[in-house]
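See below for the structure under consideration.
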Amino acid sequence: KRDLINITDLDLDELDRLLALASDIIESPEKYQDKCAHKTLATLFYEPSTRTRLSFESAMYGLGGNVVGFSDANSSSASKGETVSDTTRVMECFADIIAMRHPKEGAALVAANSCDVPVINAGDGGHLHPSQTLTDLLTILRNKGRLTDLKVGFCGDLKFGRTVHSLILALLRYKGIEVVLISPDELKLPSYNKDAMDDAGIKWVETTSLEEALPELDVLYMTRVQKERFFNEEDYVRLKDTYILDEQKLESAKDDLVIMHPLPRVNEISVEVDKDPRAKYFDQVKNGRYARMALILMLLGIEGGLN
Ligand code: CP
């Protein structure tokens, strides 16, 4: 079986085929509406989610399949002390594929090693979020027409931002990528991501200034400073509004900039930016459903089999 725990579990050919499949689903959804008839997805969400859980569920329904699961660990037997491993073994009795979000790094890998059905990491703590990366790649591809030769800025909480960690690991696969890391000193990208960029020969720079970085970017990936990852409220309050993207700042940006955000946002993108044609974060949400439809089909071996 194949799982998706880290975006690097997919090679470049598989990634490209998955994105092509997602694009085909967008163009012709009716071709896929019964592909998962009699298949069941389990969504095991030990941490809050709006987009990821509901887009997985919507994806499975769009493929004609069924969904079981929980969105609140307190309503599951985890609250009685059941381990991730045991819960996963139980769920494979009811489901053909599992999407799991958990606050602990590595939890999805434990789940994958505990069962015989494909497991998708739907976010493990501040570590990785590979299905969001598929959404992000699809959004960049559909807006820029390519995944190569792009200057991509990541802004905000790069330390705990699992969407950032995963997307950077994916972008390493493509030629001509340059990365600009924009964060306060306390929220810098972890060294394992920087080492991966060095190993791949990717050009990257670090700055604390969004204003300085903005004019050269092709893609700006904003992120939320995540209250739930901080040990102390004082640090969160001090850092949470470090970057606020507004129309005034965007005057210096390229006309074809793609503004992305995995959402939810708090203050980091002013709502006035939503009307800017460069704002693509709600398109990103829509793309998430199609990327996850493609992922389910490929992991179940129904379309575009994995190598
Ligand atoms: N992008 C994302 O992971 O959103 P949710 O936390 O709402 O799932």
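For residue 179, neighbours were defined as the other residues whose beta-carbon sits under 14 Å from its Cβ, and their charges (Lys and Arg +1, Asp and Glu -1) total -3. Calculated from the alpha-carbon coordinates, region 46-162 shows an Rg and a Dmax of 15.9, 51 Å respectively. Assuming a ≥ b ≥ c are the square roots of the Cα gyration tensor eigenvalues, decide whether region 114-254 counts as rounded (a/c under 1.5), prolate (otherwise, with a/b larger than b/c) or oblate. Note, shape of region 114-254 comes out oblate. Backbone phi angles across region 258-275, fed through the Karplus curve with coefficients 6.51, -1.76 and 1.60 (θ = phi - 60°), yield HN-Hα couplings of 10, 9, 10, 6, x, 6, x, 9, 10, 10, 6, 10, 5, 5, 5, 5, 4, 7 Hz in residue order; Gly and Pro are listed as x. Pick from 186, 47, 216 the residue whose mean-square fluctuation is largest in a GNM of the chain, springs joining Cα atoms under 10 Å. Of the options given, 186 has the highest mean-square fluctuation. In degrees from 0 to 90, rounded to the nearest 10, what is the angle of the helix 191-200 Cα long axis to the longest principal axis of the chain? Computed tilt is about 90 degrees. Springs join every pair of Cα atoms under 10 Å in this Gaussian network model of the chain, and among 35, 275, 104 the largest mean-square fluctuation is at 275.
Could you work out how far helix 281-299 tilts from the main Cα principal axis of the chain, as a 0 to 90 degree angle to the nearest 10? Compared with the principal axis, the helix lies near 40 degrees. So, R0 is 25 Å and r is the distance between the beta-carbons of residue 75 and residue 186; what FRET efficiency does that work out to, to 0.05? E between residue 75 and residue 186, to the nearest 0.05, is 0.10. A cut-off of 5 Å between modelled amide H atoms, ignoring neighbours fewer than 5 places along the same chain, links residue 40 with 66, 96, 97.
Under 5 Å between amide hydrogens, built in the peptide plane, is the criterion, and for residue 151 it picks out 178, 218, 219 among residues at least 5 positions away or on other chains.
Stokes-Einstein diffusion coefficient for the chain at 10 °C in a medium of 1.306 mPa s, Rh from the Kirkwood formula over Cα pairs: what value in µm²/s? Reported coefficient: 81 µm²/s. Simple point charges give the picture: +1 on the Cβ of Lys and Arg, -1 on the Cβ of Asp and Glu, and for the chain a dipole about the Cα centre of about 620 debye. Along its first, second and third principal axes, ordered by size, region 185-227 spans 29, 28, 16 Å in Cα coordinates. A simple packing score, the average count of other Cβ atoms within 10 Å per residue, orders the peptides 122-130, 253-261 as 122-130, 253-261, with the highest score first.
Think of the chain as a dipole: +1 on every Lys or Arg Cβ, -1 on every Asp or Glu Cβ, centred on the Cα centre; then among 284, 29, 49, 29 lies furthest on the positive end. Comparing 248, 226, 132 in a Gaussian network model of the chain where C-alpha atoms under 10 Å apart are linked, the largest mean-square fluctuation is found at 248. Taking the longest Cα principal axis of the chain as reference, the axis of helix 130-144 is set at about 50 degrees. Ellipsoid semi-axes for region 5-58, based on the Cα gyration tensor and the rule √(5λ), read 21, 19, 11 Å when sorted largest first. Taking residue 194 as the anchor, which lysines have their alpha carbon closer than 18 Å to its alpha carbon, excluding any fewer than eight residues away along the same chain? Straight-line reach from residue 194, under 18 Å: 151, 159, 175, 203.
Only one residue of 230, 258, 242 has its Cα farthest out toward the positive end of the dipole of region 221-271, where Lys and Arg carry +1 and Asp and Glu -1 on Cβ, and that residue is 230. Within region 154-179, what residues put their amide N at less than 12 Å from the label point 7 Å along the Cα-to-Cβ vector of residue 216? Within reach of a label on residue 216: 178-179. Peptides 163-170, 17-24 ordered by packing proxy, namely the average of other Cβ atoms within 10 Å per residue, highest first: 163-170, 17-24. The gain in end-to-end length when the residue 278 to residue 238 segment is fully stretched comes to 11.5 nm, 0.36 nm per residue minus the alpha carbon separation. A cut-off of 5 Å between modelled amide H atoms, ignoring neighbours fewer than 5 places along the same chain, links residue 269 with 245.
3J(HN,Hα) along region 13-19: 4, 5, 4, 5, 5, 5, 5 Hz, from the Karplus curve 6.51 cos²θ - 1.76 cosθ + 1.60 with θ = phi - 60°, whole Hz, x for Gly and Pro. Note on the chain: antiparallel DSSP beta bridges, both residues inside, total approximately 5 percent of the bridges counted.
Taken together, the values in this text are just the output of simple stated rules run on the coordinates, not laboratory data. Here the structure is a predicted model, which is why all the values come from computation and not from measurement. FYI the Cβ positions are ideal-geometry reconstructions off the backbone, even for glycines, and counts take in every protein chain you see.
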